[in-house]
Each structure stands twice: as structure tokens, then as C-alpha cells.
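Here is the structure we will look at.
The values are calculated or read from the model by the stated rules, or taken from the named source; none is laboratory data. These numbers come from a predicted model, not from an experiment. All Cβ positions, glycine included, derive from the backbone under ideal geometry; neighbour counts span all protein chains shown. Ligands, DNA and RNA are stripped out before the accessible areas are found, and what is left, the full protein with its side chains, is counted by its heavy atoms. Shrake-Rupley method; radii C 1.70, N 1.55, O 1.52, S 1.80 Å.
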Amino acid sequence: MASISSAIRPLRIGMFGGGTVGGGVYEIIMGRLGGSRVDSAPTQSNNNLRKCIIAKICVRDLAKPRSFHIDDDKTTLVSDYKSILDDKNIDLVVEVMGGTGLAKTVVLESLKKGKSVVTANKALIAEHLDEIKDAVQKAEGKAVFAYEAAVCGGIPIIQTLTGCFTGDIVHEVMGICNGTTNYMLGKMEAGTDYDEVLKEAQALGYAEADPTADVEGHDVRAKIAIIAKLAFGTTVPVDSIPCKGITEISSVDFEYAKLLGCTIKLVGTAARLSEFSEHDGALSVSVAPKVVPLSHLLASARGAGNAVTVKSANLGTTSYTGPGAGRFPTANSVVADICRVASGLVGSDPFPLESKIDIDNDYTSAFYIRVSFQDELGIIRKIGELAELSGVSICSVLQNPIKDRMMADFVITTEECKVSQIEALCKKIGNEPFAHREPIFMPMLSE
């Protein structure tokens, strides 16, 4: 008996971008899911799934060699974006070219024309979240918007947050959301210097020629803004999120982290602060390297892997791990969204939770502070005095044997206090004659 889908016209897709992720999407849709071949292998997709065909791919350079084979009988390469937007036979637009210029035009115009959109573009979503939501609502059900691949590559965290916590109350979401920096930090933990690790990451294709978005934390900032919206319902302007990357971290920080039974991870955090009772206060969203106990789930993310933990009222702490980047992990999330669109399983509201929680990014934590100094008498005493003036209680002092008295480091850890107090303390220490620079500080996670 023929499947129901055989009687339905195939879903015709116009894709923007023919790079790493676009190539993966094409190979899955046109190969494994049978868009181009009749001998495709079985998959987990529904037997009644509407057939999908990538009819057009828009690229900048038509002559550029591609890393995937294009079926010329089924797919046309174009360089004019309007040839997809104005094509009435295109049902779904897949945007995997990145950026926030042309990509914004493509996404908003597609929705306006009644074409559903699937995208992996976290920067676009984070910067124009409310505008996208408004465009979907104006489509009045004629078009939907899906974006699973925008956060954490192959981990289905978007579907999890929108579908699995409906009757729950989320208190906190923390995530290692950038595979490039996680790979680099892992290498630094093994003793390799930052500059050497960056060159290696670029050679392997993990880091771009301009690695700023990754190493300065901007990529994670966009992702945690999206997560904050899904978990708490409040739109957080990207530029308002405090963001520190990994450029100041060195191998000596891993030496001290090891003494503490910890490692270092770049973590995006969105959490409700506590005011009158637990988790009833303002929303705090930030990106920073954190000192993470080796027993913590986030410490287990290795290589380019990602990991997310969610604390909620009903479930307590749940965790999600998997590949955070790469051709097929990211493409798999894009294809999953395509299949949901084809099956009519994408909701009409891409950001279903709405709230207006106050934002307060002056969060509370224990902190790690590394002081680079020129050795002299009374340094510890002076820092203790400055800590008292800043309202900071010192928990411990760590120092490796001094090899060069003109250039040495030691670490202090603190009891819980506000990040603003630590910032004030580090400024005071940085002004002291023994300090080479303002100290580096990182929040410390508890076990």
C-alpha cells in the first residue's frame, strides 16, 4: 500500500548557503532522506513524511567548487537571492549562510511571503528576536520559523526547552555552547599556550581566520540570549549581556584549577536570582570562563563537545551533551526542523513563553582571582585589607613556588559575593605598585 506522502507534492526548498553546514543538509535531504535517490538508506523519519527536495541553492560564487555533489536534475545553483524569494514554487527557505545583513532580509521577506524558514543563525535570532516573532505572527499560520541548529549544534536543546518544560519552572540554564573554545581550553589544560592552540584550531577549521566571535565569547552570548528567552520568556538585549572570553586565560590558570580539583570552561549562564525566596528575583544573564569542579557535568565536555544543564522546580537538574559543531551534527538539527515543518509539527509561535522579568547582571558567586605581581613584603596583607574594603571575604590563598620574583602569580579564592564587588577589588589591586596588571577573575561553580 502506497504511503500517504506519495500523493502529496514534495516540499520544495530554497537554501541560502553552500558551505560546510549547507553541504551536510544537502547530502542528508537529497541522499539519506531520498530527495534525489530511490535507494536511500532507512532513517528514523516517519514513513509518511512528505518528500523534501532542495530545488535551489543561493551562493555568492557559482563557479566555486563545492564539497558536496549537486544533483543538477533536481537542484539549481543561483546567485540572486530574489530568485528564491520570488519563486512561488518554493515552500521553505533554509538559511545557513550566516551574518545579520542579507540573512535578515532573506528571513523576514520569506516569512512575509508566506514561506516557512529554518535557520542556524544564532546572531540573527538574538539580535532581532522580537522582530522575527512579530513577522511569524503576521504570517497568520501561513509560515513557521524553526531554529534548532542555532544553539549547541547537534544537541536538541531548543526542542527540549520549548516542549519538555511546559509544566515546569526553570531556575537556571548553564551551557558550554561553543565547540571551538572548548577544544582550545582542553588543549591549554594539557599545557599548550593560547597562541599555539589558536593556530592549531584555525588549521583544523574549528576557528575562523578572525576568531573574535568565538574567543571573545560573542557566539556564546548570542546563544545564551536565545536560551534566556526560551527558559524565562524575557527578551534580553545582546549588548546588555556581560561577556568575557578566553583570551586572558593561560596555562598557569589550569595549574591552579588543578590544585582546586577543577578545570576551566567558557560558560553561558541565564538564571533567576533570589530576592525574598529562592529564584524569585531578577534575571541574570552572562558569559564568562568559569572554574568548574571535575565532578560537575560541564567538566565532562571534551574536544568540540557542548553540554547544557537545566535546573528547574520539578526535575531538579537535568543535563544534555553532544557535538556542538561540525558538518553533520549541525546539519542534522537543520534537517530535523525541515522534517518537522514538512510534517506540520512546528508551532505557530517560535518563542512561546512571554514575561517581563527585570534584568540584574550583578550576580553572586564564589570567585577565583589570579594576581600577577612583582614580589615584595606585605602583598598578602595588603590584598586582605583591600578585600575587606570591598566587602569580599577571602576563602583561600594558593601560590606555586616563585621562580622569578619579578614576574610571579598567586591565586585567592573568595566566599560568595557580588561580581561588582570583585570588579571593584580587582581595580584596587591593579592600582597597587606590586601588581603588573589588573587581576584576572572567574566565577567558581559549586559541585
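Assorted remarks:
- Karplus (6.51, -1.76, 1.60) ³J(HN,Hα), θ = phi - 60°, over the range 55-60, in Hz, Gly and Pro reported as x: 7, 9, 10, 9, 10, 6
- Nearest-20 debye value, the chain charge dipole, Cβ charges on Lys, Arg, Asp, Glu: 1560
- Förster radius 25 Å - calculated FRET efficiency between E438 and R381, Cβ distance, rounded to 0.05: 0.80
- Derived scalar couplings ³J(HN,Hα) [the range 16-32; Karplus, 6.51 cos²θ - 1.76 cosθ + 1.60; whole Hz; x for Gly, Pro]: 9, x, x, x, 4, 6, x, x, x, 4, 4, 5, 6, 5, 8, x, 5
- Estimated FRET transfer efficiency when R0 is 51 angstrom, pair D61-S420 (beta carbons, to 0.05): 0.55
- Apportionment of accessible area to carbon and sulfur, the range 94-146, percent (1.4 Å): 44
- Straight-line cross-link partners of K427 among the lysines, defined as a Cα under 16 Å from its Cα and at least 8 positions apart when in the same chain: K382, K418.
- Crossing angle, helix 129-138 versus the chain [Cα axis fit, 0-90 degrees, rounded to tens]: 20
- The ellipsoid that matches the Cα gyration tensor of the chain has semi-axes, each √(5λ) in whole angstrom, of 45, 24, 18, with the longest given first.
- With all protein chains kept in place, the per residue accessible area of the chain amounts to 45 square angstrom at a probe of 1.4 angstrom.
- Heavy-atom accessible surface of the range 305-392: percent carbon and sulfur, 1.4 Å: 53
- J(HN,Hα) series, the range 207-212, from Karplus relation 6.51 cos²θ - 1.76 cosθ + 1.60, nearest Hz, glycine and proline x: 10, 6, 4, 9, x, 3
- Gaussian network model of the chain, springs between alpha carbon atoms under 10 Å - residue of L353, L283, L315 with greatest fluctuation: L315
- Accessible area of the range 227-300 belonging to carbon and sulfur atoms, whole % at 1.4 Å probe: 53
- Between the amide H of K290 and those of K265, L266, V267, distances stay under 5 Å, these residues lying 5 or more places away or on another chain, with hydrogens modeled in the peptide plane.
- Of all lysines in the structure, the ones whose alpha carbon falls short of 18 Å from that of K356, not counting any fewer than 8 places away in one chain, are K133, K229.
- Cα centroid separation - the range 127-162 against the range 175-229, whole Å: 25
- Axis angle, to the nearest 10 degrees, between helix 102-112 and the longest C-alpha principal axis of the chain: 50 degrees.
- With Cα atoms, 0 to 90° folded angle of helix 218-232 axis to the chain main axis: 80
- Using the Cβ-Cβ distance between D130 and D210 with R0 set to 22 Å, the FRET efficiency works out to roughly 0.15.
- The slack in the chain from I402 to H279, taken as 0.36 nm per residue of separation less the alpha-carbon distance, amounts to 39.9 nm.
- Distant-in-sequence amide H partners of I359 (H built 1.01 Å from N, under 5 Å): L283
- Computed extension length for L77-N431: 121.5 nm, one decimal, from 0.36 nm per residue of separation with the Cα-Cα distance subtracted.
- The chain: antiparallel DSSP beta bridges as a percent of all, rounded to 5: 70
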